[in-house]
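One structure below.
The values are calculated or read from the model by the stated rules, or taken from the named source; none is laboratory data. All of these numbers come straight from a predicted model, not from anything done at the bench. As a convention, Cβ positions derive from the backbone with ideal geometry for all residues, glycine included, and neighbour counts pool all protein chains shown. Accessible surface areas use protein heavy atoms only, side chains included; no ligands, DNA or RNA. Shrake-Rupley method; radii C 1.70, N 1.55, O 1.52, S 1.80 Å.
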2 protein chains.
Amino acid sequence: MTIETDIGQVEFPAYGDYESDCPARLAVDIFGNSWLTVIVYTLRDGPLRPVELRRAIGGISQKMLTQTLRRMERMGLLERRRYAEAPPRVEYALTPAGIDLLTPIFALGAWADTHGDAVRAALYGDPGD
Amino acid sequence: MTIETDIGQVEFPAYGDYESDCPARLAVDIFGNSWLTVIVYTLRDGPLRPVELRRAIGGISQKMLTQTLRRMERMGLLERRRYAEAPPRVEYALTPAGIDLLTPIFALGAWADTHGDAVRAALYGDPGD
């Protein structure tokens, strides 16, 4: 199926019924956690230490960061690397599954570039920045 | 920036700092509402009446459907069309902004096709269906 969108003509693969038990539903559940998405995006250029992650993201509590990192590691999106230095150094890196999540994340970003101001204005009466 | 992913080589536009106040953050907020995403997907082939939407989606309460449709209409993702018939007929259709949301939604679907089983297995100990 080819659909004409504001950001070009897009070829969509034919999926089964998303509505019942399609894999896309899992993806939606994943994106329901905003911090997860922000963390994947923040690690796009390579591994970071927890303190660097927290500084880059801004506005995330230590507790929320730790919880989200643990869940993402369990999901196989992140790899925790511990280096036996003194003091020990810990870094988080995207796995291949985590790297592949960058594709829909950037597609969301492109959508927001095109429509974000209008949606914000409609929701909050704010023309955007 | 070009990134090699399991679903091909992807060219990413250069964005500003997502971490602070980038439009992508709004998109993440939008995808935080799973029903919104499911509704956009379900309307991909054209307008539907509320009863048809509810049947196609499955597992959504009337109250949740109504609330989500109202919010999406306010956001400018949906258009409510009321036909002066007896009884009056109401349909919901995607606006151009809603249609463009199909692009990231299908990117999520492609990701889930590739990685969904592994993530499900990691999270729930279930090899998928």
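B:GLY58: in contact with a helix residue (DSSP H, G or I) (Cβ under 6 Å, 6 or more places away or on another chain) and more than 17 Å from B:GLY98 (Cα to Cα), yes or no? Judged against the criteria, B:GLY58 is a match. For segment A:66-89, a tally of residues being away from chain B (no Cβ under 11 Å), open to solvent by 30 Å² or more (accessible area, probe 1.4 Å) and either under 23 Å from B:TRP111 (Cα atoms) or touching a helix residue (DSSP H, G or I) at 6+ places or on another chain (Cβ under 7 Å) (or both) returns 3. Within segment B:85-107, residues that are more than 17 Å from B:ARG49 (Cα to Cα) and assigned to a loop (DSSP other than H, G, I, E, B) sit with their Cβ atoms under 7 Å from residues that are hydrophobic (A, V, I, L, M, F, W, C) and open to solvent by less than 10 Å² (accessible area, probe 1.4 Å), at 6+ positions apart or across chains, in these pairs: B:LEU101/A:TRP111; B:LEU101/B:VAL40; B:LEU101/B:LEU77. In segment A:38-65, which residues are more than 26 Å from B:ARG120 (Cα to Cα), open to solvent by 30 Å² or more (accessible area, probe 1.4 Å) and assigned to a helix (DSSP H, G or I)? A:VAL51, A:GLU52, A:ARG54, A:ARG55, A:ALA56, A:GLN62 - these are the residues of segment A:38-65 that are more than 26 Å from B:ARG120 (Cα to Cα), open to solvent by 30 Å² or more (accessible area, probe 1.4 Å) and assigned to a helix (DSSP H, G or I).
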